[in-house]
Amino acid sequence: QVQFVESGGGLVQLGGSLRLSCAASGFSFGIFTMAWYRQAPGNQRESVATITPGGSRDYGDSVKGRFTISRDNAKNTVYLQMDNLKPEDTAVYHCNTGPRAIFSKWGQGTQVIVSS
């Protein structure tokens with residue numbers, strides 16, 4: 001059974017940093033491109049960053065230069081280092097495959113709140 005467990009969110013001030021983790025299970029993690037998504041209240045879920053099995057990365061325009069995605073295939077875990085956080089980064093963050101989420105079962109997500 002596919003499962004995603006996200007963690008690492010919290011309340012941080014403008015300009016602060018957080019590191020999110022997502023532990024995945026129930027599928028062959030190492031052969032999939034993985035992605036972080038976020039959804040703010042009233043908005044649709046958007047892709048933030050993707051990373052291929054080989055480590056190639058891509059980012060949304062709003063987070064380029066501030067966020068870094070990485071993965072540890074031995075631990076079936078994908079990470080998101082978020083620096084220079086802004087209030088508009090406030091959202092619930094999820095992981096799934098990328099660039100399209102193929103698994104319908106999402107994790108509970110991890111809440112990020114950036115105060116100004």
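The values are calculated or read from the model by the stated rules, or taken from the named source; none is laboratory data. These numbers come from a predicted model, not from an experiment. Positions of Cβ are generated from backbone atoms using ideal geometry, with glycine treated the same way; all protein chains shown enter the neighbour counts. SASA here: full protein model, heavy atoms, side chains in, ligands and nucleic acids out. Shrake-Rupley method; radii C 1.70, N 1.55, O 1.52, S 1.80 Å.
Brief remarks follow.
- When the residues I113, I51 are ordered by accessible surface, computed with a 1.4 Å probe over the protein chains alone, the sequence from largest down reads I113, I51.
- Computed from backbone phi with θ = phi - 60° and the Karplus coefficients 6.51, -1.76 and 1.60, the 3J(HN,Hα) list for the stretch 63-68 is 10, 4, x, 10, 10, 9 Hz; x is used for glycine and proline.
- Sequentially through the stretch 43-54, phi angles give Karplus couplings (6.51, -1.76, 1.60; θ = phi - 60°) of 10, 6, 5, 10, 7, 9, 7, 10, 9, 7, x, x Hz, Gly and Pro residues having no value and appearing as x.
- Hull shadow area, averaged, the stretch 7-116 [alpha-carbon convex hull, nm²]: 6.4 nm²
- Heavy-atom accessible surface of the chain: percent carbon and sulfur, 1.4 Å: 47 percent
- Karplus (6.51, -1.76, 1.60) ³J(HN,Hα), θ = phi - 60°, over the stretch 25-40, in Hz, Gly and Pro reported as x: 8, x, 7, 7, 3, x, 9, 10, 5, 10, 8, 9, 10, 9, 9, 8
- Pairwise centroid distance, computed over Cα atoms, of the stretch 6-33 with the stretch 47-111, Å: 7 Å
- Computed FRET value (nearest 0.05) for I102 with L14, which takes r as the C-beta separation and R₀ as 30 Å: 0.30
- Relative frequency of Cα-Cα separations exceeding 14 Å in the stretch 1-64, percent: 69 percent
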